[in-house]
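*Asks:* Pasting a structure here, questions to come.
The values are calculated or read from the model by the stated rules, or taken from the named source; none is laboratory data. From a predicted model like this one, the values you see are computed outputs, not experimental measurements. Glycine gets a Cβ as well: all are built from the backbone with ideal geometry, and neighbour counts include every protein chain shown. Side chains are part of the model used for accessible areas, which takes the heavy atoms of the whole protein and leaves out ligands, DNA and RNA. Shrake-Rupley method; radii C 1.70, N 1.55, O 1.52, S 1.80 Å.
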Amino acid sequence: MRMLSTLAVAASLVCTAGLAGAAPAPMGDKNAFIADLIGQMTLEEKIGQLRLISIGQDMPQPQLIKEIAAGRVGGTFNSVTRADNRPLQDAAARQSRLKIPIFFAYDVVHGHRTVFPISLGLASSWDMGVVEQAARISGLEASADGLDATFAPMVDISRDPRWGRTSEGFGEDPHLVSQCARASVKGFQGASPANPQGVMAFVKHFALYGAVEGGRDYNTVDMSPQRMYQDYLPPYRAAIDAGAGGVMIALNSVNGVPATSNTWLLRDLLRKEWGFKGVTVSDHGAIDELLRHGVASNGREAAKLAIQAGVDMSMADSRYLEQLPGLVKSGDVPVRLIDDAVREVLGAKYDMGLFQDPYRRIGNAAGDPADVNAEARLHRAEARAAARKSLVLLENRNQTLPLKKSGTVAVIGPMADAPIDIMGSWSAAGKATQSVTLLQGMRDALAGNGKVVYARGANVTDDERVVGYLNFLNWDNPEVVQDKRSPGDMIAEAVEAARQSDVIVVAVGESRGMSHEASSRTSLSLPGSQQTLLKALRTTGKPLVVVLMNGRPLTVNWEKENADALLETWYAGTEGGHAIADVLFGDENPSGKLPISFPRSLGQIPTYYNHLRIGRPFTPGKPPNYTSQYFEEESGPLYPFGYGLSYTTFSLSDITLSGQTMPRNGKLTASVTVKNTGQREGETVVQLYVQDVTASVVRPVKELKDFRKVLLKPGESRVVTFPIDEDKLKFFNARLEYAAEPGDFNVQIGLDSESVRQQRFALQ
Ligand code: BGC
């Protein structure tokens, strides 16, 4: 903020020029500057600031420019070039009466022009440098396109993979998701949201959106306060503590009150308890939806509830614009509430550096890129490096992988050459023509040394109803394009390609629309068309390498048993095909670990690892009768949280604790020696879990508290030491006090959440 005062005079002129006689407050003092500005605003101008317009949806461009010039718009989202944003900023910062700049936002979730792996993939790296770098480059590219803010990170804990938005988040664990939240905010914003090469982060969706009942999108959330505070709220808090300038409010209700009208959530918790100082925005049309939630009987009530609850900006609905003037006039809404909201909006613009220079990210026309999609604007090397770290090796029988760079490889499957799908959902301004598919990646890797034969083998699904759903909104340019050949013909071609080859690499999964907003599923298996393909390929007897591309855990039981190698690649982004080939051929030793448990079946959900203890737990090796399990199926997840293989192997020693007891405010350390017992250099993630043995409330079987990613040469060992202090032992008790209780604690350290070493100590 030091620069502000030196630029204050010039910038003040920009912002309040034309106001005869007005003596603007110095810009160096944020509060005074904003108070001064609010003092000059009409009620209509104030309400205008609370309006967030969706470009291309809410109104045509000429009308939008008029609205902005009239001071009736606070910000917009969905326009993504400097050239598109400039005339809108001209209307605000040059033509409107008070010359208050608008801001430009977009859903830059995992990349902008360059698409990085989806958040679930980034989390799989367990490398916060990777997560931060992906956000930093996303912010860099977004700001270079004239954007000031992103609706990210999305940090909703998801424990139900039926929910399509599982793909947008960082998984099921409060600690890991919180770490990712922090790293993302740091990456997007840099040192502050004023960073001209970064964007302000709006953490979302506040709150608990990932806990929608049944994993059905937009559904109700009903949750105990303990679970909320302990598991679901920490990631939002982490993003806010890391300095996120904005918060997007969730579409769901929370214990009977929609988040959008939830005064407890937005005022008591967010502002009073957590001290949040930034701006809140509703999600798309959410104020309007208060009518359908049945808590408002008309638009007037909806607007009143939202402004009272603490929704500063209304996204893509006109309730504030239509209703707030009348509500203020009648005295139903005190103007103080409007001023409070305007203060936050102007504060966010101030923090973005827009009063200093409304064009700080838009620049001047002479500097506009000739081609916004120019190759030179992409960050391919960084995207490839991130994608390499995001892949999780689930199976590798008889060292099927890595493959040799010779001979003939059959590259098969509906996801093998799917440039749109590999970008994943919410791929911002990414262009499919610039993404590297698996087929391309394999061809590039083998160039000159081996041969690739390709067959699509199957459509993603043969269910036309599903295809119709996925192509809804995109009829002119459908994302899911069906191969018109019969399934039998496609499979015959694939089997023939496999027969001519030394190894089969088959890419299967979900088209990206299947793992998206509004894409909840009732099955977690691969669609039938792809299962049939896999079974046919298995009959050839050729080594079968299954590459999964999907945005949620899938029930891949058959694949686990029958594939010679199984690689989870999520949606790996612009450089996905290269990164996957790097791992398949061993140029990169896979090191990803699952950030979410994989269930055996849909009926087994929820399978999250950190569940509460119960009175009749199922114990492996003991009779299951009268224990908590499903009798038709083996218990436990198909793949546990934190699991992932490498091309080398690691061993872990017993845990050494620095003491058997820990005094209050004291410290202990827990150490293990991890050794690379294989033939290759490789990375693994050493994971620290803690279990509170006895407490005043039921506590989880274990909770991740820390982790370290370590790189070891063959034969090398390293001592990994985790400090343990009281903070790691605290939890929310029945009165929602956050404190550690004396007693025994089990420290567990493992390379996944299931196979762990254990030691015990007592907190005194
Ligand atoms: C989504 C948000 C998103 C917004 C704007 C909504 O439908 O729920 O996550 O930021 O649209 O695109």
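*Asks:* So which residues in region 61-78 are assigned to a loop (DSSP other than H, G, I, E, B) and over 15 Å from Ser318 (Cβ atoms), if there are any at all?
*Replies:* Those that are assigned to a loop (DSSP other than H, G, I, E, B) and over 15 Å from Ser318 (Cβ atoms): Gly71, Asn78.
*Asks:* Another question, if that's okay. Test of understanding: among Gly636, Gly666, which residue is surrounded by 13 or more Cβ atoms within 10 Å (Cβ to Cβ) and closer than 29 Å to Phe170 by Cα?
*Replies:* Gly636
*Asks:* Which of the residues that make up region 728-764 are more than 20 Å from Phe707 (Cβ to Cβ) and among the charged types (D, E, K, R)?
*Replies:* Within region 728-764, Arg735, Glu737, Glu741, Asp744, Arg760 meet the criteria.
*Asks:* Quick check on this structure: which one of Lys705, Lys713, Lys730 is within 29 Å of the chain's Cα centre (by Cα) and either at positive phi or free of Cβ contacts under 8 Å to residues at least 60 places away in the same chain (or both)?
*Replies:* Lys730
*Asks:* Also: Is it true that Lys46 is of a type in the set (Lys, Arg) and surrounded by fewer than 19 Cβ atoms within 10 Å (Cβ to Cβ)?
*Replies:* Considered against the rule, which asks whether it is of a type in the set (Lys, Arg) and surrounded by fewer than 19 Cβ atoms within 10 Å (Cβ to Cβ), Lys46 comes out as no.
*Asks:* When you go through Gly615, Gly603, Gly621, Gly592 one by one, which is the residue that is touching a helix residue (DSSP H, G or I) at 6+ places or on another chain (Cβ under 8 Å) and among the small types (Gly, Ala, Ser)?
*Replies:* Just a single option satisfies the conditions, and that option is Gly592.
*Asks:* Among the residues of region 144-165, what is the count of those that are away from the ligand (no atom under 14 Å from the Cβ) and either open to solvent by 10 Å² or more (accessible area, probe 1.4 Å) or touching a His at 6+ places or on another chain (Cβ under 9 Å) (or both)?
*Replies:* Matching residues across region 144-165 total 5.
*Asks:* Please determine whether any residue of region 568-584 is farther than 29 Å from Gly441 by Cα and part of a strand (DSSP E or B).
*Replies:* No, every residue in region 568-584 fails to be farther than 29 Å from Gly441 by Cα and part of a strand (DSSP E or B).
*Asks:* What is the one condition in (1) hydrophobic (A, V, I, L, M, F, W, C); (2) in a strand (DSSP E or B); (3) open to solvent by 70 Å² or more (accessible area, probe 1.4 Å) that Phe631 does not satisfy?
*Replies:* Condition (2) is where Phe631 drops out.
*Asks:* Further, regarding this structure: Just one of the numbered conditions (1) surrounded by fewer than 24 Cβ atoms within 10 Å (Cβ to Cβ); (2) closer than 26 Å to Phe732 by Cβ is not true of Pro196; which one?
*Replies:* Unmet for Pro196, out of (1) surrounded by fewer than 24 Cβ atoms within 10 Å (Cβ to Cβ); (2) closer than 26 Å to Phe732 by Cβ: (2).
*Asks:* What number of residues within region 56-95 are closer than 24 Å to His379 by Cβ and either more than 16 Å from the ligand (Cβ to nearest atom) or touching a Cys at 6+ places or on another chain (Cβ under 9 Å) (or both)?
*Replies:* Adding up the residues that qualify gives 5.
Here's the yes/no breakdown for (1) crowded, with 20+ Cβ neighbours inside 10 Å; (2) assigned to a strand (DSSP E or B); (3) not assigned by TED's automatic domain parsing to the domain that holds Pro700:
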position	(1), (2), (3)
Val185	yes, no, yes
Phe188	yes, no, yes
Val203	yes, yes, yes
Gly214	no, no, yes
Tyr218	no, no, yes
Tyr236	yes, no, yes
Val247	yes, yes, yes
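*Asks:* Further question on the same structure: Scan region 49-89 for residues that are without any contact (Cβ under 8 Å) to a residue 12 or more places away in the chain and either more than 25 Å from Ile287 (Cα to Cα) or open to solvent by less than 10 Å² (accessible area, probe 1.4 Å) (or both) and jot them down.
*Replies:* Pro62
*Asks:* Anything in region 380-409 that is at negative phi, open to solvent by 40 Å² or more (accessible area, probe 1.4 Å) and out of contact with any Asp or Glu (no Cβ under 7 Å at 6 or more places or on another chain)? List them, or say none.
*Replies:* Within region 380-409, Ala381, Glu382, Ala385, Pro402, Lys404, Lys405, Ser406 qualify.
*Asks:* Just wondering, is there one or more residues in region 96-103 that are within 16 Å of the ligand (Cβ to nearest atom) and at negative phi?
*Replies:* Yes, that holds for at least one residue.
*Asks:* Also, quick follow-up: Which of the residues spanning region 483-520 are touching a residue at least 12 places away in the same chain (Cβ under 8 Å), farther than 20 Å from Met423 by Cβ and assigned to a loop (DSSP other than H, G, I, E, B)?
*Replies:* Residues satisfying the conditions are Asp483, Gln500, Ser501, Asp502, Ser520.
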